[in-house]
Each structure stands twice: as C-alpha cells, then as structure tokens.
Amino acid sequence: MSPKIAACIFVLGVLGLFFLDRDRKTRTSKALWLPVVWIFIAGSRPVSFWLQMAPQESYSPYVDGSPLDRAAWTAMVAVGLAVLVSRGRQVGSFLRANWAILWFFFYCVISILWSDFPEVAFKRWIKALGDLVMVLIVLTDLDPIAAIKRLLARIAFLLVPLSILLIKYFPELGRTFAAWSWTPVYVGATTNKNALGMVALMLGLGSLWRFLQALRAEESDERAGPLIAHGIVLAMVAWTFVTAGSMTSLACFIMTASLMVATSLSVFARKTGVVHFLVITVLCVSFSALFLNMGASLLTDMGRDPTLTGRTEIWNQVLALATNPLLGTGFESFWLGDRLQRIWSIWWWHPNEAHNGYIEVYLNLGWIGVGLLSMVIVTGYRDVVTALRRDPQVGSLRLAYLVTAVVYNFTEAAFKEINLVWIFFLLAVAAVPKVLAPPIDPPLGIEDPDGFFEPDLAANHVVVAGLTEDA
C-alpha cells in the first residue's frame, strides 16, 4: 500500500472512531481542545520537530531551547489562563481543595532562586504550570467526567493510529536505528521507543476504562459504538507494545490494568482494606523485582539485565554530583552546566534524566521537594480511595493513573513538565470540589453557552460524585 493511500485510510479511520464514540447527550466546552493539543504535543514531538526546525542535539539547546517551541507553549499557557480567569469561582474552589499540589508548585518556583540557570529554570516552570492549567481546564469544564472521557478519546484516536501509520508507511518519521547495531527502533509519533511505550500505557489505560464503562452501559446505543472504537484502540495499543519493545510500559500496563478491572467492581472498590491490599501488592511486586534482586530472572525473561540497562550506574553517578541534599540544585536545573557536560563525557548516548523520578526530584528539589511530592501522592491517594467508594468506575481510573505514576517512576523520570505520566498523575490526584453556588442567569450578550469562554455557565455546574471532594 502506498503511503498516500495509507494516509487517506488513516484519516477516514480516525473520523470513524470519533463517529462511533460520539455522545450527543453530554456537552463539553470547546476550550477542551486546548488540553487535547497540549497533551498531543507532550506525548509526541515538539512543534519544531514536526516542522523540521528542531535544533541539533548539543549542550546549547538545553539552555536556550527552541524559540518556536517556547512561543507555542507560551501561547497555549496564555490562552489557558484566560479560560481559567473566566471560570474564576470554580478555579478558586479547586485551588483551595488542592493545597498539596499548590505547595509543591510554589516550592518549585521558589527553588529557582538558587538555580545556576534561573532564566532556564523559570521557562521550564512556566511549562510545568501549563500542565496544571490544562488539568484545571478539564476539571472545571461543564461536566468534568464527560470532559475526561472526551479528552482521553480524542488523544487516543489521534496519537495511537498516527504512530502506527508513521511506523509502517513513513519510516523516515516513525523509525530510527540503534547505535552500533543499526537495528530498527520504532518510535511512531514520538522521539524514542520509551516515549512510544508511555503513549501506549497511558492512552491504553484510558481506552480500557472506556471499554469497561461501555460494557456496563444499560442502553444499547451507549454500548456498541464505544465498545468498537475503544476495542480497536486497545488492539492498536497491544500492537504498539509488541512493536516498541518498551517492557517498563508493558509491565506497568499489565499490573495497573488488572488493578483497574478489580477496583471498578463495587465488591472490591467499597472495601478500603481490599483496595489497600491490591495497591500494596502491585507496589511491592514492582519494587522487589527492580530493587531487591528478587526478580532478576523475571527481568532476564523480559529481555532486561538486572542493572536495568545501566540505570543503576547512572543513579550512583548523579547522586555523587548532588551538592545540596536539602534544597537541590533548583527546579529542573541539575542537567545543565558542568554537571551535564561531565555526564555526557561518560555516557555516549547523552542522558538528560536520572531514569528514576524520585532521584530526579531529589537532585532538583532536594529532600524538601521529595517530601512535598510525597504529600501530593498521599493526599491524592486518600482522595482517590474516597472516590472509589462513591463511584468505582471513575475512581478506578484515577487509582490506575496514580499507581502507574508511582511505579513508572521507579525506572523513568516522569515527575517533570510536559510528560504524559505527570499530566495524568495530576489529573488523578486532583480533588474536584463541589461548587455550591445558587443558579444565576447568564450575563447579557452571551449567546453561545458552549463557547470558548464560559464565565458563568461553567461556574454553576454540579460535579458528579465520583470526582467530588468537599472543599
């Protein structure tokens, strides 16, 4: 099949998926497309890469960055903030309910003061703030649950099929070659195989959640279309896992998908002790296999050596370069300057992360940052368990994304800006308060209640119980 014909089939197939998953009974804001674009770029490639204008890999781009990408991210953050200003009442309630997340972001911006590269750190913090802005846009929509459904569907319908199209029919974009061996490495719409595995992991969990919901739908017209659409996406995700060979993502998907299926059942979800047991089991199995040398044979069977492909050596080296255990080097500042050049002189493949999210946070933010992140995880887990008792179907998705983030960061640094795991982690741990406001008429001059900006209609919705926490 020629690439042009394949591209046409891709477009028709994507349109078909959107048609099958349509739901005319729910309404979401047009502003929801902004997080879709943000997460699509975060999960694939920066704008400069798509336009073939990315700078060559060197030390300089890590300091200067791409002006085109910076302009794109800044524009989206500015528009996102404008949307949130129009939803001021809801946003204020949301921020008060999520004090742990606010403290973490506040400490991140304060840490710029002792960074060796404060300007670079501030630019990166703006992008991190953009992640939170996009999560806020989703969770302050007219119907947060419907917004989450459409967010996950839109990204999955676009990004997963696109990756397969590029791998099979546009190899100059969808494949690279391993150094020395020159064996093909499949990257799809992303920049490396681990990123492709991450896309399959996070979007696969979302489609599995939608598939399970469709199975339990009482009305037949709510079942067939979503079942077919998300069943197709799950088949694509399975193909992607096999093709990419990202065993970390595959192992996470198997464990957290099993957890999602179990906790989506009321018989398990409403028994807190059972939920704790399931979560602890997943964490202990992962931790033991990776760090207690209890799973050396398992790692070997999965095609990985017990040193996790050199990760343990990197951990030892970067920890030796940590100069301030309490405060860290400043937000996203460790992999800059002399430290980066020293590490690159040792490793020919030029790592730019610690391949462990907790070590990465320690290097940049010190023990204080690790403590604040732990607070976000603990408070988020408490809220998720509460949500499970109220609505197991929604709570199971939140729990799956939270546990995925905790486990995934054992071997990858994903607690960082513009990262799918981090964005969906924030989406999972954020507590959505019920806005108790009397109904009011929309202001004069507002003719499109589903327009891009919804200052009053959005401020008066009632949050579905599964995502609700009292402020």
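Observations, loosely collected:
- Computed FRET value (nearest 0.05) for Thr281 with Thr379, which takes r as the C-beta separation and R₀ as 25 Å: 0.70
- Taking one quarter of the surface of the C-alpha convex hull of the stretch 202-258 gives a mean projected area of 3.7 nm².
- Label sites at Gln52 and Trp114, each approximated as a point 7 angstrom past Cα along Cα to Cβ, lie 4.7 nm apart.
- Overall form of the stretch 1-145: oblate. Here a/c, set by the Cα gyration tensor axes a ≥ b ≥ c, is 1.5 or more, and a/b is not larger than b/c.
- Packing-based exposure ordering (other Cβ within 10 Å, fewest first) of Cys8, Cys108: Cys8, Cys108
- Cβ-Cβ FRET estimate between Arg223 and Trp33, R0 fixed at 35 Å, reported to 0.05: 0.85
- Residues Lys4, Lys123, sorted so that the one with the fewest Cβ neighbours within 10 Å comes first: Lys4, Lys123
- The slack in the chain from Glu172 to Thr386, taken as 0.36 nm per residue of separation less the alpha-carbon distance, amounts to 72.3 nm.
- Going from the fewest other Cβ atoms within 10 Å to the most, the residues Thr183, Thr140, Thr411, Thr281 appear in the order Thr183, Thr281, Thr411, Thr140.
- Cα shape, the stretch 144-268, gyration tensor, a/c 1.5 rule: prolate
- Over the C-alpha trace of the stretch 325-396, radius of gyration and Dmax come out as 17.3, 53 angstrom.
Every number here is computed from the coordinates shown, using simple stated rules; none is lab data. Quick caveat: nothing in here was measured; it's all calculated off a predicted structure. Methodologically, a virtual Cβ is constructed for each residue, glycine included, from the backbone with ideal geometry; neighbour enumeration extends over all protein chains shown.
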